[in-house]
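The values are calculated or read from the model by the stated rules, or taken from the named source; none is laboratory data. The shown structure was predicted, so the numbers you read here are calculated from the model rather than taken from an experiment. Here the Cβ positions follow ideal geometry from the backbone for every residue, glycine too, while neighbour counts run over all protein chains shown.
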Amino acid sequence: MALIKVKTGGVDNSVNLGRRNLIINGAMQVSQRYGYNSAQTDWNSYDASDRMFKRTAGASTSSVQTRNDDAPSGFIYSDKLTITSQDSDTYIGRGTCLEWNDISHLRAGYSDAKTITLSFWVKASISGTYCFAYTSYVSVHSDGNAATSYVTEYTVNSANTWEYKTITVTLPTSTPSNWDGSNGGNTTGLRLQWTQSRRATTNSYETATTDSWISGNYFCTSSQTNMGATNGSTFQITGLQLEVGNTTPPFEHRSVGEELALCQRYFQKISGGSDAFVVAAKGQGTASVDASIPLTVPLRASPTMNSINSRSFSDGGFVASSSTTPTALQYSDNNTLLAVNCGGFTGLTNNEVQNWGPVSNTLTIDAEL
């Protein structure tokens, strides 16, 4: 019988094995909201690629976001921002938020705080200096509670060319209250933000201090390339990877199914398709229904939902319709059922068994950071 020799030596501590990347959807594989190459113009919201937000402030620059198939070797998709109406005094940034539960092991604010390395691919139509920033627990929609910021500059050397960048930083070793998850373990622990355009007149969010942790809420320096002043300018990123240590191993590709499940902790949707999807419900009085929506995975927090057209059916057939926004009821962690109430109906019977669902539109279930 042939013998197999098994190596029993230690594992090389310089390499992180398995599940290194702390960023969800870093290869832009998932786009639940809008799908492939669909332009979106929402301000201060998540759009295009899942887990990627746009932050804007200032004047009237307009831009659109898409997920498209222009990407460097080894990747299929990138996240792209295009300026469609220029103004020199608008801040624009793209980024992602990491949940505190997923970064607590980084020990930010303590003496044993970790060193982390960010790597990414970038392509911009304007070469020059660009800024990247970390901020501690701040949500995408509110900048008022950022406790700590770290701003650094990097260079896009050639226009319209994919370039690989890395940024290594040691997390702060003091003021643990800035990082201790006191707002809740499922809130924002760390925000990563790439700036595309600065406010040239008001200088909002700018600092002269780079490569150092400072108090306050800052995203860029005065050296930031001002894409907002050039109509048609573009900025693309993909291959986002954040890991512990100061090395940059190859990008950790995860399956589409795994990335989708990770994204669905923060956002899920149900497409109506002319009563194609209905769920169990009951009449709650004569004007609303209580329903139970099965979730793909448990949500991060109690969600908000969009205004939809919905219908309710009893054993006798169609009963009533509504255009009222559903609201979450009795949310609990780790639950794969979401109890909702939807009002705006007439003529229902209290406690009568119903089937309820969206009509030819999409119900969005949003628990983003």
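Okay, residues lined up against (1) within 21 Å of Tyr164 (Cα to Cα); (2) out of contact with any Ser or Thr (no Cβ under 7 Å at 6 or more places or on another chain):
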{"site": "Ala57", "(1), (2)": "no, no"}
{"site": "Asn68", "(1), (2)": "yes, no"}
{"site": "Ile83", "(1), (2)": "no, no"}
{"site": "Tyr91", "(1), (2)": "no, no"}
{"site": "Trp100", "(1), (2)": "no, no"}
{"site": "His105", "(1), (2)": "no, yes"}
{"site": "Ala113", "(1), (2)": "no, no"}
{"site": "Ser119", "(1), (2)": "yes, no"}
{"site": "Gly128", "(1), (2)": "yes, no"}
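Does the stretch 227-240 include one or more residues that are touching a Pro at 6+ places or on another chain (Cβ under 9 Å), under 20 Å from Gly26 (Cα atoms) and of a type in the set (Val, Ile, Thr)? Checking the stretch 227-240: at least one residue is touching a Pro at 6+ places or on another chain (Cβ under 9 Å), under 20 Å from Gly26 (Cα atoms) and of a type in the set (Val, Ile, Thr).
For Leu240, the stated conditions do not hold, so it cannot be described as farther than 19 Å from Lys54 by Cβ, touching a residue at least 40 places away in the same chain (Cβ under 8 Å) and not in a loop (DSSP other than H, G, I, E, B). Can you say whether Asp47 is of a type in the set (D, E, K, R), at pLDDT 80 or above and surrounded by 14 or more Cβ atoms within 10 Å (Cβ to Cβ), as far as the supplied structure shows? No.
Being farther than 24 Å from Leu106 by Cβ and either loosely packed, with under 15 Cβ neighbours inside 10 Å or of a type in the set (S, T, N, Q) (or both) narrows it down to one of Ser288, Ser215, so name that one.
Ser288
Taking the condition of being out of contact with any Phe, Trp or Tyr (no Cβ under 8 Å at 6 or more places or on another chain), within 16 Å of Asp275 (Cα to Cα) and surrounded by 14 or more Cβ atoms within 10 Å (Cβ to Cβ), how many residues in the stretch 308-344 meet it? Matching residues across the stretch 308-344 total 3. Figure legend. Inter-residue proximity from the stretch 266-277: first residues loosely packed, with under 13 Cβ neighbours inside 10 Å, second residues polar (S, T, N, Q) and at pLDDT 80 or above, beta-carbon distance below 6 Å, spacing 6+ or different chains. Indicated pairs: Ser271/Thr362; Ser274/Ser360.
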